[in-house]
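J.: Can you keep this structure in mind? I'll have questions shortly.
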Amino acid sequence: MAIRRKALPAGHADIAESLNNIALVLSALGRHQEALERQEEALTISLKALPAGHRFIAIAIDNIGGVLDALGRHQEALERHEEALAIRRKALPAGHPDIAQSLKNIAGVLGDLGRHQEALERHEEALAIWRKALPAGHPDIANSLYNIGLTLTALGRSAEAKVLREEVFAIRAARAADNPSALLSDCRECADRAAKHGDHPGALYWLNQALDLIPAQPTAGLPDPDALRREITQERADLAADGDGSDPPP
């Protein structure tokens, strides 16, 4: 960044790229307000330096939406993501994966706002694009199915969510056929995301899958099976407290 500021004229698009990169790191560190300031500066430069509808402008606006969402400013985040989607719809052919990414981002914010039915519609539109644009079994397809499962759970459609969880596991298992430790990590991550969203049936499913993948004599670096069992017990208790018997744990 310092090198670019010295070597390039103020307002050069490469400076915006550096600001964007700094903002992404700040967000990863949880310093969202600082990240927002860098993203907004990057967008200001990009709007002046690049032609209308340029891909990086949509990315910058999308990134601002992501930071606003992390700051709890969900309505503002939604407006930004919809602005990015409008740019992409004009600039890209129908069915482009970047459009699916915008739809996914919008769906995530709608879920944060409790507008789960609208979120489901955006997630399903994104999945339809990814299924056409990407090879079967692509990680983006699995992630989209996972997000739809979370949304279905929020809508009380537990049986449909369960079917999607099994499809997601099948995709991930096929991709990690030669690397069971990677699949175990995926299951652990899916469990954490489900628990964060209050999806106790989903968290239970993924914790049990992770537990089943741990060998009888676990090696260093693998999750502690006793810790997983304690988490499973806690998720069962949380599920019972919610009074949701529609998707009983295994």
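J.: Taking +1 at the Cβ of each Lys and Arg and -1 at the Cβ of each Asp and Glu, which of G30, Q217, A203 sits farthest along the dipole of the chain towards its positive end, judged by Cα position relative to the Cα centre?
T.: So the residue we want is G30.
J.: If I59, I232 are ordered by their accessible area, calculated over protein heavy atoms with a 1.4 Å probe, which sequence runs from highest to lowest? Display every interim value, and only then the final one.
T.: Working: I59 40, I232 15 Å².
Ranked from most to least accessible, the order is I59, I232.
J.: Okay, next question. Do any of K48/K90; K104/K196; K132/K196 go past 21 Å between their Cα atoms, and which? Don't skip to the end; give the middle numbers.
T.: Details: K48/K90 19 Å; K104/K196 18 Å; K132/K196 30 Å.
Violating the 21 Å limit, Cα to Cα: K132/K196.
J.: Report the full-extension gain for the segment E76 to Q234: residue separation times 0.36 nm, less the Cα-Cα distance, to one decimal in nm. List each step's numbers first, then the result.
T.: On the way: separation 158, 0.36 × 158 = 56.88 nm, distance 3.54 nm.
Gain on extension, E76 to Q234, equals 53.3 nm.
J.: Using r as the Cβ-Cβ distance of E166 and D224, and R0 as 30 Å, what FRET efficiency do you calculate, to the nearest 0.05? It would help to have the intermediate numbers written out before the result.
T.: On the way: r = 26 Å, r/R0 = 0.86.
E between E166 and D224, to the nearest 0.05, is 0.70.
J.: Let me ask something else. Modelled label-to-label distance, D212 and K90, 7 Å Cα→beta-carbon offset: nm?
T.: Label at D212, label at K90, 5.0 nm between them.
J.: Shifting gears a bit: Just the accessible area per residue of segment 116-250, please: how many Å² with a 1.4 Å probe?
T.: Values: 6920 Å² over 135 residues.
Spelled out: the 1.4 Å probe surface of segment 116-250, per residue, equals 51 Å².
J.: Keeping all protein chains in the complex and leaving out DNA, RNA and ligands, what accessible area do you get for K162 with a 1.4 Å probe, in Å² to the nearest 10?
T.: Number for this one is 90 Å².
J.: Now a separate question. Note the full-extension length gain between E118 and L8 as 0.36 nm times their separation in residues minus their Cα-Cα distance, in nm to one decimal.
T.: Values: separation 110, 0.36 × 110 = 39.60 nm, distance 4.44 nm.
Here the segment from E118 to L8 would lengthen by 35.2 nm.
J.: How big is the dipole moment of the chain about its Cα centre under a simple scheme where the beta carbon of each Lys and Arg is +1, that of each Asp and Glu is -1, and everything else is neutral? Debye, nearest 20, please.
T.: Result for the chain is approximately 800 debye, rounded to the nearest 20.
J.: Can you pull the percent of the chain's accessible area that's carbon plus sulfur, 1.4 Å probe, other chains left in place?
T.: Numbers: 6730 of 12720 Å².
Answer for the chain is 53 percent, counting heavy atoms of protein chains only.
J.: Rounded to the nearest 10 Å², what accessible area does R73 have for a 1.4 Å probe in the complete protein model?
T.: 80 Å²
The values are calculated or read from the model by the stated rules, or taken from the named source; none is laboratory data. Here the structure is a predicted model, which is why all the values come from computation and not from measurement. Neighbour counts are summed over all protein chains in view; Cβ atoms, including those assigned to glycine, are modelled from backbone coordinates with ideal geometry. Remember, those area values only see protein heavy atoms, side chains included, never the ligands or the DNA or RNA. Shrake-Rupley method; radii C 1.70, N 1.55, O 1.52, S 1.80 Å.
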